[in-house]
Amino acid sequence: MSGRYGLILSVLSFVFGTLAFVAVADGAEAIRIGVAGPLSGSYAAFGEQLWRGAEQAAKDINAAGGIHGRTIELIKADDACEPKQAVNVAHRLVDAEHVKAVIGHFCSSSTIPASVVYTEAGILGITPASTNPKVTERNLPTFFRTCGRDDQQGGAGAEFIVNHLKAKRVAVVHDKDTYGQGLADAMKARLHGLGVREVLYEGLTRGEKDFNALVTKIKSQLADVVYFGGLHAEAGVLVRQMREQGLQAPLISGDGIVSQEFVASAGGPRFVEGVFMTFGRDARKIYGGRHVVEAFRKVGYEPEGYTLYSYATLQAIAAAMRATRSEQGDVLAKWLHANTVETVMGPKAWDAKGDLKVTDYVMYRWTPDGKYQEVE
Amino acid sequence: MNGYIVGQQVINGLVLGAIYGLIAVGYTMVYGIMGMINFAHGDIYMISAYLAAIFLALLTGAGVQSVPVALVLVLALTILFTAFYGWTVERVAYRPLRNSNRLAPLISAIGVSLILQNYVRISQGARNQGIPALIEGHVRVNAADGVTIGQVTYTQILIVSAALLSMGALAWIMRHTTLGRSCRATQQDRVMAELLGINTDHIIATVFIMGAAMAAVAGLLVTLNYGSFDFFIGFVVGIKAFTAAVLGGIGSLPGAMLGGVILGLCESLFSGFVNTDYKDVFAFAVLILVLVVRPSGLLGHPEVEKV
């Protein structure tokens with residue numbers, strides 16, 4: 001019996017194997033590119049930003065004739081913002097999906113281990129959103145980013161605190177994660193450089209909902225500004241509990257809260273009003289990207305946060321592939337190091353590490369209607 | 001270190017402790033009667049938070065203007081539906097395994113926990129959900145000499161009083177009603193209780209329903225207090241509440257509440273006066289110390305080998 005089943009199985013697998021082979025040969029036209037980020041979990045809103053941006057870019061590039069006639073096919077990968085899962089999906093993208101380039105990941109703690117997988121496989125990886133300095137500080141020749149670095153972002157935050165808010169007593173809180181603590185540390189370093197020392201430096205736990213004890217402590221230190229390095233889920237709860245305890249000091253955070261879900265986590269726009277955040281210059285206002293922004297709005301999606309960064313990332317990958325007629329990571333990387341790409345966010349060029357040559361952190365303020373606006 | 005900070009941190013700790021205690025009751029009751037740990041209990045609490053938000057939205061949509069009326073209705077509906085979930089979990093995942101190896105229901109519980117989390121993730125989405133603040137305002141607590149030693153929001157007062165009330169009601173049921181007597185009999189010796197005509201399957205189902213009802217109270221209160229939740233909140237709180245149950249003596253109802261309050265106070269005082277980063281380390285160090293001195297927890301009875 002088992003012998004016969006074995007025979008049938010091997011015949012079947014041979015047939016299907018051939019079919020699969022034919023399918024691959026037939027579809028060799030499409031260029032597969034992975035999009036990795038937190039598509040589930042508390043930070044899924046950011047994964048959606050990356051996916052939406054890349055999806056729209058692929059649609060536009062394909063409609064304009066693709067890359068020398070070949071279309072782009074995007075492959076989703078969900079890392080849930082967890083380092084372990086990030087490495088798993090990175091291997092899946094490389095070994096099972098055979099992608100030629102990767103857009104992602106979102107959380108620095110995921111990007112750092114996953115980028116090693118891509119580099120070892122010799123494929124190009126560009127993160128639209130991971131700002132931790134370590135992402136590009138490890139001599140990975142084929143890894144880039146299309147966003148700023150936390151040493152720049154933290155510096156911008158510290159300068160705002162000292163020069164604009166004239167704060168003397170700064171409380172620094174972080175979420176003990178690579179991104180959050182890295183950002184808080186960068187801010188703190190610049191703060192010291194400006195001659196201000198923090199009155200408190202503490203880490204809270206991601207996933208918890210009760211920071212009342214910490215808020216009371218901040219209050220007792222008479223802090224006039226609270227800086228938070230972390231993501232929106234905790235930032236929302238923190239700012240709400242600050243206000244409920246009557247602590248009116250402004251909260252300042254970074255690009256980890258640039259999502260409408262920050263408002264939901266706080267339980268209403270009333271609590272987020274007046275919160276400051278550092279983020280790149282609003283890409284939605286750059287003239288060249290106007291038609292893209294309108295395309296998003298037409299389908300009822302506001303391209304907030306990192307959506308356009310992700311769009312620009314795919315444009316950069318496509319430009320490199322078009323110019324070099326290659327899909328090899330090192331060839332593409334060499335081209336990106338040497339050339340400027342015209343993107344939806346304006347021209348972008350990279351230095352030897354893979355960081356952007358020009359970054360533009362500005363300060364935003366959350367308004368009473370639950371949106372954010374650049375501080376003039 | 002002035003009185004205000006100490007007072008405020010004690011209030012913070014009591015509120016947190018009341019929530020832990022309410023959830024810990026569910027762990028401790030099930031353990032008391034079946035000798036198993038219901039790891040899905042944290043997720044029952046998570047579901048109750050979603051139910052509370054859904055009913056709140058429905059009632060607001062239906063035009064209920066008065067906040068107290070809406071809250072009472074939401075509380076009743078949430079308890080009802082969460083209790084149904086608790087009953088279903090017991091019926092589907094634990095009753096078929098009643099006479100099997102002790103580890104089997106434990107694995108089943110972990111499975112149920114994963115199923116519930118993903119069921120909510122798929123049906124409600126993975127995003128953070130939030131509700132607006134319903135109850136506004138706070139009162140100041142003054143010491144005898146008129147110095148303010150803390151501030152309590154009305155929601156926090158509601159949490160502590162609801163916790164005390166529902167714990168009191170539960171204790172009364174266990175002590176003074178036929179149902180309570182049957183529960184205690186089943187807890188002491190299930191076979192003997194059955195021989196004496198108690199439907200133990202029925203009693204166990206009731207215990208699951210009561211545990212879920214307490215989790216529902218916690219779910220509604222937490223939703224009101226913190227305003228946001230996602231499908232994963234059951235995990236962290238579940239672990240903490242389970243710790244509280246062990247600290248107070250698993251199987252003991254007052255122990256669960258005491259354990260919750262001690263854990264809440266440990267966390268908030270350590271966080272307030274030493275360091276927030278290591279508050280969990282401190283809380284678990286206290287747990288270990290207590291277990292070294294009293295292996296069955298603060299109010300637990302040493303397990304007697306049944307012959």
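Each value in this text was obtained by applying a stated rule to the coordinates, not by laboratory testing. Here the structure is a predicted model, which means the values were calculated and not measured. Here the Cβ is made from the backbone with ideal geometry for all residues, glycine too, and neighbour counts use every protein chain on show.
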Say each of residue A:339 and residue A:168 gets a label point 7 Å from the Cα, pointing the same way as Cα to Cβ; how far apart are those two points in nm? 5.6
For chain A, set up a Gaussian network in which alpha carbons nearer than 10 Å are linked by springs, and say which option among A:115, A:130, A:326 fluctuates the most. A:326
By residue number, which cysteines of chain A lack any other Cys whose Cβ falls under 4.7 Å from their Cβ? A:147
Please report how far the C-alpha centroid of the range A:146-194 lies from that of the range A:202-254, rounded to the nearest whole angstrom. 15
Got a sec? Charge dipole of the protein assembly as shown, +1 on Cβ for Lys and Arg, -1 for Asp and Glu; which of A:337, A:358, B:215 is way out at the positive end? B:215
To the nearest 0.05, how large is the calculated FRET efficiency for residue B:69 and residue B:140 if R₀ is 25 Å and r is the Cβ-Cβ distance? 0.35
Two-decimal Rg/Rh of the range B:256-307 from alpha-carbon positions, Kirkwood Rh? 1.12
For the charge dipole of the protein assembly as shown, defined by +1 on Lys and Arg C-beta atoms and -1 on Asp and Glu C-beta atoms about the Cα centroid, which residue among B:107, A:235, A:212 has the Cα displaced farthest towards the positive pole? B:107
Fewest-first sequence of B:172, B:87, A:335, A:350 by Cβ atoms within 10 Å of each Cβ: B:172, B:87, A:335, A:350
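If you take the beta carbon distance between residue A:358 and residue A:324 as r and set R0 to 25 Å, what does 1/(1 + (r/R0)^6) give as a FRET efficiency, to the nearest 0.05?
On the way: r = 23 Å, r/R0 = 0.94.
Computed FRET efficiency for residue A:358 and residue A:324: 0.60.
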With a 28 Å threshold on alpha-carbon distance, the violating pairs from A:59/A:334; A:134/A:219; A:298/A:357; A:134/A:298 are A:134/A:219; A:298/A:357; A:134/A:298
DSSP beta bridge pairing in the protein assembly as shown, given as percent antiparallel to the nearest 5: 40
Any idea what diffusion coefficient the range B:119-192 gets from Stokes-Einstein, in µm²/s, Kirkwood Rh on alpha carbon pairs, 20 °C, 1.002 mPa s? 125
Could you give me the ³J(HN,Hα) list for the range B:159-164, computed from phi with Karplus coefficients 6.51, -1.76, 1.60 and θ = phi - 60°, whole Hz, x at Gly and Pro? 4, 5, 6, 5, 5, 4
Between residue A:30 and residue B:192, what is the spin-label point distance in nm, taking each point 7 Å from the Cα along the Cα→C-beta axis? 6.9
Along the range B:51-58, Karplus-curve 3J(HN,Hα) (6.51, -1.76, 1.60; θ = phi - 60°) to the nearest Hz, with x for Gly and Pro, reads 4, 4, 5, 5, 5, 4, 5, 4
How many percent of the alpha carbon pairs in chain A exceed a separation of 38 Å? 22
Approximate spin-label separation residue A:302-residue B:161, in nm, with each point projected 7 Å along Cα-to-Cβ: 3.9
Viscosity 0.692 mPa s, temperature 37 °C: what is the translational diffusion coefficient of the range B:187-256 from Stokes-Einstein with a Kirkwood Rh over Cα pairs, rounded to a whole number of µm²/s? 228
Given H placed 1.01 Å from N in the peptide plane, which residues other than close sequence neighbours of residue B:149 have an amide H under 5 Å from its amide H? B:141, B:142, B:143
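Tell me which DSSP H helices of chain A clear both cut-offs, 20 Å or more of axial length from alpha-carbon atoms and a mean Kyte-Doolittle hydropathy of at least -1.0. Spell out each step's value before the answer.
Working: long enough: A:2-26 (35 Å, 1.47); A:44-63 (28 Å, -0.46); A:178-193 (22 Å, -0.43); A:307-324 (26 Å, 0.63).
In chain A, the long hydrophobic H runs are A:2-26, A:44-63, A:178-193, A:307-324.
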Under 20 Å from the residue B:296 label point (7 Å along Cα→beta-carbon), backbone N, the range B:31-65: B:31-38
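Rounded to the nearest 20 debye, what is the charge dipole size of the protein assembly as shown about its Cα centre when +1 sits on each Lys and Arg Cβ and -1 on each Asp and Glu Cβ?
On the way: 56 positive and 55 negative charges, 81 e Å.
Here the size comes out at about 380 debye.
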Assertion target for A:144, A:279, ordered by fewest C-beta neighbours within 10 angstrom first, is A:279, A:144
Kindly provide log₁₀ I(q)/I(0) values, in the same order as q = 0.07 Å⁻¹, from the Debye equation applied to equal alpha-carbon scatterers of the range B:3-293. -0.27
Lys/Arg Cβ at +1, Asp/Glu Cβ at -1, dipole of chain A taken about the Cα centre: which of A:309, A:148, A:34 is farthest positive-ward? A:148
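With viscosity set to 1.002 mPa s at 20 °C, what whole-number translational diffusion coefficient in µm²/s follows for the protein assembly as shown from Stokes-Einstein and a Kirkwood radius over Cα pairs?
On the way: Rh = 27.4 Å.
My calculation gives 78 µm²/s for D.
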